Each structure stands twice: as structure tokens, then as C-alpha cells.
Amino acid sequence: MAVSNCADREKVKADLSRCGRAADICWFIIVPFALMGIISDAANITLGLEPMSWFLLTIATFLAGIFFRIGWAVSWYLNTNK
């Protein structure tokens, strides 16, 4: 029975900094997406995308940040509990 790469403890432990960095980047990208949606909706203009599209990008980035943070938490847990 083959074991996937996701089940390898050492690989998951090594992803600690990568998952943390990706989560931080997602959190920094959320703010401009939300501001673009708010400004676009308030001014009733299109800033590249419709306001609803900016809000959907904000939600998608927020969910990606949560998934990366969960990966970071699992990596941190495996590193602290030897």
C-alpha cells in the first residue's frame, strides 16, 4: 500500500516556514482586494473588475490564508511534539 507525500511527517515539518509565509502573503493581499471593492462600489465605477468580483477575490484569498494557516499549525504541532 503506497503512502502519499502528505502523510510524510518530515515533509510536513519542513513546510513550517513555507506555510507561514504563504499565510502572511494572503493576509496582506486581502486588504487591497477589499479596499478596491469598497472604493469601486462607493464611487460606482469599475476599477478593473466589478465590485462583487473584488469581494469574491477577498473571500477566496481569505480561505486560502486559512488553509495555509492550518498547514502551518500542523507543521508547528509536529515540530513541537517529537
Q.
Any residue at all in region 34-51 that's touching a residue at least 24 places away in the same chain (Cβ under 8 Å) and either within 11 Å of the chain's Cα centre (by Cα) or under 17 Å from residue 22 (Cβ atoms) (or both)?
A. no
Q) So which residues in region 6-61 are under 21 Å from residue 73 (Cα atoms) and among the small types (Gly, Ala, Ser), if there are any at all? A) 7, 14, 17, 20, 22, 23, 60
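What tally of residues in region 31-82 results from selecting those that are part of a loop (DSSP other than H, G, I, E, B) and surrounded by 13 or more Cβ atoms within 10 Å (Cβ to Cβ)?
Looking only at that region, the number is 1.
Where a number appears in this text, it was derived from the coordinates with a stated rule and is not lab data. The shown structure was predicted, so the numbers you read here are calculated from the model rather than taken from an experiment. Because the Cβ atoms are built from the backbone with ideal geometry, glycine has one as well, and the counts that use them run over all protein chains shown.
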